[in-house]
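What follows is a single structure, written as structure tokens, with notes after it.
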2 protein chains.
Amino acid sequence: MVPVLPFDVRLPARGGGGLSHALREQLRAAVLDGRMLPGSTLPSTRAMADALGISRNTVVKAYDQLVAEGYVLPRPGAKAVVAAILPRPRPGPRAGRHPLQDPRLNPLWRTPGVRPEAPREWPERCFRLGMPDHRHFPHDVWRRLTAACLRRLSRARFGYAPPEGLPELREAIAQHVVFTRAVACGADDVLVTSGAQQAFDLIARALVTPGQTKVAVEEPGYPPLRAAFMAAGAKLVPVPVDDEGLCVDRLPADVKIISVTPSHQSPTGVAMSLRRRSALLAFARDRQAVVLEDDYDGEFRFGGRPLDALQTLDRDGLVFYVGTFSKSLFPSLRKGFIVTPPWARPALAGVKHCADSHCDTITQSALAAFIREGHLARHVRHMRPIYGKRREALLGGLRCDLADWLEAIPSEAGLHLAARIRKPPQAAAIVEAMRRCTPGAQTTSDYAMQAAPPWALSFGYGVIDAGDIGPALRRMRRALSTTQ
Amino acid sequence: MVPVLPFDVRLPARGGGGLSHALREQLRAAVLDGRMLPGSTLPSTRAMADALGISRNTVVKAYDQLVAEGYVLPRPGAKAVVAAILPRPRPGPRAGRHPLQDPRLNPLWRTPGVRPEAPREWPERCFRLGMPDHRHFPHDVWRRLTAACLRRLSRARFGYAPPEGLPELREAIAQHVVFTRAVACGADDVLVTSGAQQAFDLIARALVTPGQTKVAVEEPGYPPLRAAFMAAGAKLVPVPVDDEGLCVDRLPADVKIISVTPSHQSPTGVAMSLRRRSALLAFARDRQAVVLEDDYDGEFRFGGRPLDALQTLDRDGLVFYVGTFSKSLFPSLRKGFIVTPPWARPALAGVKHCADSHCDTITQSALAAFIREGHLARHVRHMRPIYGKRREALLGGLRCDLADWLEAIPSEAGLHLAARIRKPPQAAAIVEAMRRCTPGAQTTSDYAMQAAPPWALSFGYGVIDAGDIGPALRRMRRALSTTQ
């Protein structure tokens, strides 16, 4: 009789040497026919013994034999790996063709621009954009709330949930944005997404008719947002940005979706003026267009009365407001949301359901409790002076050390600050000094859709200490002084 | 001077009655201009006081005044809500038009079939398909592993991660499927997804050219998979299923993607014969087509030597193997994976990055540890006899009580069992008895793409106790006996 096992390994019911032999034979067969690839690790002897319900000694004996026969390579202090012996030939990309040129792929994914770049490896402390500081996050609170949600999981939230998100999280988000961003909404208007990126993607899929819909994006602007619209088959139109934000008078008349970052333009940091906001909403109303408002770091404001969200001014259901917890909490949480006009609600819920059913409920519950108990507001309040001090150091350094080359662009919010290049002919040298002395900082060209010389640099201050900013900018000054 | 606050509420710096008055005024304004909608709850006085850094008494006073004025309704033992007073008119769907008919939507999302149905509310114990039993899940282990991952979060995994998934999880999944399903793969071939639904969606987006690509689906088959392909603009071709699985000889010659459930057909439970598997792979090879293998509950097997995955037989990089942890762990975890042929790897990673950057890293880490430490294999081993007993009860009941009406369809795996309707003219009465006596059970018509009379019923045994199965089937017999 063969015991029922969770693994596709069948052992004789009676123990003794037969067990070990049977295990060895079946592992050997898996190596020989390519089910275990060269270099892949074997489960630990303990895990294997547990899984099969046999003694560890039996597994050790089988492994030893495989090592002796050369099928498996032991590694001191680490799991054994499969040796490079007789591997089954595995199909690779066809010779002479880049995998993305395979004709079996949707042509959209064969164009490189659609695929956003994979995340880069940066030093832990650097000037990168859009990363919050993990050292100040209330990890203990988050752990406690997650544990509480997991205790409740045994009775509820185990199965499938609504695509729009858990009711308690939608309610908490609605309250949060009503208060912090003056967004006009109720819980029903909120759709929980897997970060802002999924919000862009769902909106693009719900609204773009492939090959037809024209979408205006800020130039320069956030590249992954462009990727989502390109992937949906949109025709992208880059529209320039000036000191008042998007140049509304440059919008083509037949554009159907206009994507903007009115609180803190990405990457120049400019806030869209009230005049432009009104003009944008009037344009959208007149042309049957809609607006995507990406409010990615508007929670962090420094001085001045903040402008409300663009959505606050919308009386006609034209604005899709996108928020994220990547900056106010942390990126790997993958939680964001859309405040959607009522007419688009059923379609967006349908896209979300089709895309991944719904967001995982444990994180949704923990986040709802985090917001409801006031931790989010408290954390933002705690971080604001910390980021504010870094921003001051950056402004001071730009003024004192780099005034010959750079001029800060006024901005009152967010986790990065941009500076205009004063002498365009020296742009190349300035960018080179930036890359060397302030790693993580970006240029307008890095964010632009069309090739153009860089005209401003953006410095993030989410993960750099205030005390390290001045010295970095002084190094940049020295580098520039010597090249002149 | 106005203190900087995380909320868009501005209070005078000096306390006293002024604070409470200012808070009241601003809340009142928010209610009047529609930023706080009727029925939405106010934050608790404690949360509000914490957030604004003022005393709770001050908040209580402001709230009391709002209640006195009728803007806010107190609720004993619960949070106060905004009264239905002077709401700002909010844009709704245009009169006389269903929201899904709005011309601003991508026409794809205007066709109802694309939108999978929202999850239904079922009794906790019932015959629904595809739901595992939460009472046997090792919640304590999962809590411990999650807590450990959250402790590490303070130093790592806080920021963005690779779109393909965390290396440790891809490695753990590869090992798991090599052993349990004889899938030929290494960690590099694994892409972590937000459940099987996202796997379908990513594959559809990467491979389907809208309006052109023909996709064969099993008839009957899993509706949300069809939705993903329809949303990508595929032309769906339903292909019938018989006792050996998909009728390969009924595939149209120009089909480019063939979606199958070879281990346990959804919903009939049939395993695809070896002959058909070979024919399917030969078809795909000859016609430059690819195969999506949806192995949604193949871990649970009862007796007999199981057939390996279809992917095991593939020597040409034709098969996309989709697995999920929704059945072996739990659905709201939202974790699944694709084992992808190497040629499609870069495109799929691109689609994933565009769709939502990556899956949340805490759950990924916890899941990797859960698999690596052997808990997944152990849990599957623990559940198999439990589900097996229910399956026996179901088979017994069908044989003893319902043999006049139903005949079990042979099947050796999964969390549900199907039974063919013996007397098609009585189908309506049988289905009616099923809906009344075994809630959650489904018919082949519920899964079919084309309207057709039901010819089989599927009973899930994931969340029904073995002892409740017999009585339910006996009730069904009584209902049928009296209608005859």
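The values are calculated or read from the model by the stated rules, or taken from the named source; none is laboratory data. Predicted model, so just to flag it, every value in this text is computed and none were measured. Using ideal geometry, Cβ is built from the backbone for each residue, glycine included, and neighbour counts are taken over all protein chains shown. All accessible areas refer to the heavy atoms of the entire protein, side chains included, with ligands and DNA or RNA removed. Shrake-Rupley method; radii C 1.70, N 1.55, O 1.52, S 1.80 Å.
Here are the numbers for the structure shown:
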quantity	calculated
Within segment A:146-177, tally of residues that are within 7 Å of chain B (Cβ to nearest Cβ), out of contact with any Cys (no Cβ under 9 Å at 6 or more places or on another chain) and assigned to a loop (DSSP other than H, G, I, E, B)	5
Criterion (within 9 Å of chain B (Cβ to nearest Cβ), open to solvent by 10 Å² or more (accessible area, probe 1.4 Å), in contact (Cβ under 8 Å) with a residue 24 or more places away in the chain and closer than 18 Å to A:Pro163 by Cβ) met by exactly one of A:His353, A:His358	A:His353
Test: residue in segment B:326-336 that is closer than 30 Å to B:Arg384 by Cα, surrounded by fewer than 24 Cβ atoms within 10 Å (Cβ to Cβ) and facing chain A (nearest Cβ under 7 Å)	yes
B:Cys126 vs. criteria part of a helix (DSSP H, G or I) and out of contact with any Leu (no Cβ under 6 Å at 6 or more places or on another chain)	no
Candidates B:Leu307, B:Leu318, B:Leu348, filtered to the one that is hydrophobic (A, V, I, L, M, F, W, C), touching a helix residue (DSSP H, G or I) at 6+ places or on another chain (Cβ under 8 Å) and more than 9 Å from chain A (Cβ to nearest Cβ)	B:Leu307
Residues of segment B:205-238 satisfying the condition of being free of Cβ contacts under 8 Å to residues at least 40 places away in the same chain, surrounded by 22 or more Cβ atoms within 10 Å (Cβ to Cβ) and in contact with a strand residue (DSSP E or B) (Cβ under 8 Å, 6 or more places away or on another chain)	B:Phe229, B:Ala234
Unmet requirement for B:Pro43, which otherwise passes all of (1) more than 11 Å from every other protein chain (Cβ to nearest Cβ); (2) within 24 Å of A:Ala368 (Cβ to Cβ); (3) at pLDDT 80 or above	(1)
From B:Pro267, B:Pro252, residue being at pLDDT 95 or above, in contact with a Leu (Cβ under 8 Å, 6 or more places away or on another chain) and assigned to a loop (DSSP other than H, G, I, E, B)	B:Pro267
Residue within segment A:338-348 that is at pLDDT below 95, hydroxyl-bearing (Ser, Thr, Tyr) and more than 15 Å from A:Ser194 (Cβ to Cβ) present	no
In segment A:196-232, the residues that are charged (D, E, K, R), more than 9 Å from every other protein chain (Cβ to nearest Cβ) and in a helix (DSSP H, G or I)	A:Arg226
Qualifying residue in segment B:390-399 (condition: crowded, with 19+ Cβ neighbours inside 10 Å and within 14 Å of another protein chain (Cβ to nearest Cβ))	yes
From A:Asp243, A:Asp254, A:Asp294, A:Asp249, residue being touching a strand residue (DSSP E or B) at 6+ places or on another chain (Cβ under 7 Å) and under 29 Å from A:Pro454 (Cβ atoms)	A:Asp294
Count of residues meeting criterion [of a type outside the set (Lys, Arg), crowded, with 21+ Cβ neighbours inside 10 Å and modelled with pLDDT under 95] in segment A:114-128	2
Pick from segment B:410-457, criterion among the charged types (D, E, K, R) and out of contact with any Gly (no Cβ under 9 Å at 6 or more places or on another chain), ranking: least open to solvent (accessible area, probe 1.4 Å)	B:Asp446
Checking B:Ala271 against (1) more than 13 Å from every other protein chain (Cβ to nearest Cβ); (2) in contact with a Phe, Trp or Tyr (Cβ under 6 Å, 6 or more places away or on another chain); (3) of a type outside the set (Val, Ile, Thr), the condition it does not meet	(2)
Residue list for segment A:287-332, restricted to those being over 15 Å from B:Arg35 (Cβ atoms) and hydroxyl-bearing (Ser, Thr, Tyr)	A:Tyr296, A:Thr324, A:Ser326, A:Ser328, A:Ser332
Candidate set: segment A:49-63, residues that are at pLDDT 85 or above and in a helix (DSSP H, G or I); chosen: the one surrounded by the most Cβ atoms within 10 Å (Cβ to Cβ)	A:Val59
Filter result (part of a loop (DSSP other than H, G, I, E, B) and open to solvent by less than 30 Å² (accessible area, probe 1.4 Å)) within segment A:270-282	A:Val270, A:Met272, A:Ser273
Unmet criterion (only one of (1) buried (at least 18 other Cβ atoms within 10 Å of the Cβ); (2) farther than 21 Å from B:Ile386 by Cβ; (3) out of contact with any helix residue (DSSP H, G or I) (no Cβ under 6 Å at 6 or more places or on another chain)) for B:Leu406	(3)
Residue check, A:Lys79 among the basic types (Lys, Arg), open to solvent by less than 80 Å² (accessible area, probe 1.4 Å) and either at pLDDT 80 or above or in a helix (DSSP H, G or I) (or both)	yes
